[in-house]
Amino acid sequence: MFIRSTGLGRTLLKAKVSKIEVTNLVPATLEKPKDEGNEPRRLLMVLEIVEPVHWTVRAFVEPKDLKEMILMILKRPSVILEGVKFLFKK
């Protein structure tokens with residue numbers, strides 16, 4: 001995948017998804033919470049930026065965010081159709 005950021009000017013980053021998992025890690029520290037019951041579970045998506053630099057980017061997706069993403073996709077049937085086409089594209 002390709003990523004553009006307003007903070008990096010015209011730099012185009014090439015990335016790949018290296019892991020997706022459900023976790024209760026604390027986003028600020030990337031450590032397990034001291035009190036297991038206080039930290040909510042989130043979807044953690046780890047991206048490896050491979051060009052022009054090598055970075056690891058971690059996105060902690062809250063349940064509310066995931067719901068919004070799914071609703072955005074479901075409201076646009078053309079996005080679903082194109083997504084299915086992507087699955088079979090070489």
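Laboratory data are not the source of any read-out in this text; all were calculated from the coordinates shown. Since the model is a prediction, treat every value here as computed from it, not as a measurement. A quick note on method: Cβ atoms are made from the backbone with ideal geometry, for glycine too, and the neighbour counts reach across all protein chains shown.
Placing +1 at every Lys and Arg Cβ and -1 at every Asp and Glu Cβ, with all other atoms neutral, what dipole size does the chain have around its Cα centre, in debye to the nearest 20?
Numbers: 17 positive and 11 negative charges, 110 e Å.
Roughly 520 debye, rounded to the nearest 20.
Starting at the first residue of the range 41-56, write each ³J(HN,Hα) from the Karplus equation 6.51 cos²θ - 1.76 cosθ + 1.60 with θ = phi - 60°, in whole Hz, x for Gly and Pro.
Those phi angles translate into 7, 9, 8, 9, 10, 9, 10, 9, 7, 10, 9, x, 10, 10, 10, 10 Hz.
Would you calculate a helix-derived [θ] at 222 nm for the chain, using -39,500 (n - 2.57) for each DSSP H run of n ≥ 4 and dividing by the full residue count, to the nearest 500?
Calculated from helices alone, the mean residue ellipticity at 222 nm is -8500 deg cm²/dmol.
Please state the relative contact order of the range 2-88 as a whole percent: Cα pairs under 8 Å, 6+ residues apart?
22
Of 16/67; 19/89; 14/90, which ones are farther than 20 Å apart at the Cα?
Check vs 20 Å cut-off fails for 16/67; 19/89.
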